[in-house]
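Working notes, beginning with the structure itself.
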Amino acid sequence: MPRILAMLDKHQVPATFFMTAVDAMLHPEMVAGIMKSGRHEVGVHGWIHELPTRLSEAEEERLLDQAIEYLTKATGKKPVGYRAPSWAFSANTLDLVIKKGFLYDSSLQALDEPYEVMSNGKNTGLVELSIDWTLTETPFLGQNGRMAVPEFLYKLYRDEFDGAYKEGTMFVLTLHPYLSGHRAPMKHLEEFVAYMKSKPDVWFATGAQIAQYVKTATPR
């Protein structure tokens, strides 16, 4: 985390950190580091990375309430973004996320641009900032990963960014500090950030900022 935060500070780039409440509890210095610059956002990523699909509705709501309460206390601000642990929605998750008043979710994968979530044929008002299994390093650099050289992974990220840039839409990269915070991936991550910054009219923003823009922008 210190490497990642230092790189973001160097390039003055904001980021959203989805964290579990237990991570925040065990590592208060991590929360302080994230909040220090005033640029970053903390979103909910469960209580202890529990899998929603294995929980009853009551248990899922209880743990979500605990996570919201603790992260609000730890950061001084109620989180407005939610990302399900393992990106896994139960049959009850969407209703709970809406019930708790979240501005946006970032767990689903219907489109690679922002959209409003529909449920039972009706708009929910919840903004979705889509993610993608190809745009996280876990399948490639994790325990069972098959891509030993981060250089190839960042070639994939760059091509995806170039496609998003050409289309004039959103690019969401999901990274885990315990994987991307190592020296070799960090080298390529910093080069990638510099590459994106070199392009005109690229907006680096938190999930909350993007979702608020989607809520208020005139459709084109």
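The values are calculated or read from the model by the stated rules, or taken from the named source; none is laboratory data. Quick caveat: nothing in here was measured; it's all calculated off a predicted structure. Ideal geometry is used to build each Cβ from the backbone, glycine not excepted, and the neighbour counts take in all protein chains shown. Just the protein is used for accessible areas: all its heavy atoms, side chains included, with ligands, DNA and RNA removed. Shrake-Rupley method; radii C 1.70, N 1.55, O 1.52, S 1.80 Å.
Among L173, L26, L129, which one shows the biggest mean-square fluctuation in a GNM of the chain, springs joining Cα atoms closer than 10 Å?
Largest GNM mean-square fluctuation: L26.
Computed FRET efficiency, Cβ-Cβ of V149 and F89, R0 30 Å: what is it to the nearest 0.05?
Once the sixth-power term is evaluated, E becomes 0.35.
Probe radius 1.4 Å, ligands and nucleic acids ignored: give me the carbon and sulfur share of the accessible area of the chain as a rounded percent.
53 percent
Determine which residues of region 14-40 fall in the zone a paramagnetic label at M186 would reach in this model, i.e. backbone nitrogen under 12 Å from the point 7 Å along Cα→Cβ.
none
Which percent, to the nearest 5, of DSSP beta bridges fully inside the chain are antiparallel?
Taking every DSSP beta bridge with both residues in the chain, the antiparallel ones total about 30 percent.
Given 4 °C and 1.567 mPa s, compute D for region 91-185 with the Stokes-Einstein relation, Rh being the Kirkwood radius over Cα pairs; round to the nearest whole µm²/s.
86 µm²/s
Taking the Cα of Y213, stepping 7 Å toward and past its beta carbon, and measuring to each backbone N in region 89-132: which are under 17 Å?
Counting only backbone N, you get 104-106, 112-116, 127-131.
For H27, H182, H45, write out the residues from largest to smallest accessible area, computed with a 1.4 angstrom probe and no ligands counted.
Highest to lowest solvent-accessible surface, that is H182, H27, H45.
Out of all DSSP beta bridges in region 1-129, what portion is antiparallel? Express it as a percent rounded to 5.
Given both bridge residues lie in region 1-129, the antiparallel proportion sits at roughly 30 percent.
With only alpha-carbon pairs counted, each pair once and no self-pairs, how large is the Kirkwood hydrodynamic radius of region 171-220 in angstroms?
After inverting the mean inverse Cα-Cα distance, the result is 13.1 Å.
Within the set K10/K73; K100/K215; K10/K197; K36/K155; K10/K77, which residue pairs have Cα atoms separated by over 21 Å?
From K10/K73; K100/K215; K10/K197; K36/K155; K10/K77, over 21 Å: K10/K73; K36/K155; K10/K77.
FRET efficiency for V13 and T53, Cβ-Cβ distance as r, R0 = 35 Å, nearest 0.05?
It comes to 0.55.
Just the number, please: Stokes-Einstein D of region 129-220 in µm²/s, Kirkwood Rh from C-alpha pairs, 25 °C, 0.890 mPa s.
D, rounded to a whole number, is 171 µm²/s.
Helix-derived [θ] at 222 nm for the chain: sum -39500 (n - 2.57) over DSSP H runs of at least 4, divide by residue count, nearest 500?
-13500 deg cm²/dmol
Please give the FRET efficiency for Y178 paired with A6, using the beta carbon to beta carbon distance and R0 = 22 Å, rounded to the nearest 0.05.
0.85
Want the number for E113 to W203: 0.36 nm per residue separation, take away the alpha-carbon distance, what's left?
Difference between extended and current length: 31.0 nm.
If you work out percent of Cα pairs over 22 Å apart from the coordinates, which of (1) 70; (2) 52; (3) 44 do you get?
Derived directly from the coordinates: (2).
Using only the Cα atoms of region 1-106, each taken as one equal point scatterer with no solvent, compute I(q) by the Debye sum, divide by I(0), and report log10 of the ratio at q = 0.22, 0.23 Å⁻¹.
Evaluating at q = 0.22, 0.23 Å⁻¹ gives log10 I(q)/I(0) of -1.13, -1.21.
What net charge do the residues around F102 carry, taking every other residue with its C-beta under 12 Å from that of F102, with Lys and Arg at +1 and Asp and Glu at -1?
Once all neighbours under 12 Å are counted, the net charge is +1.
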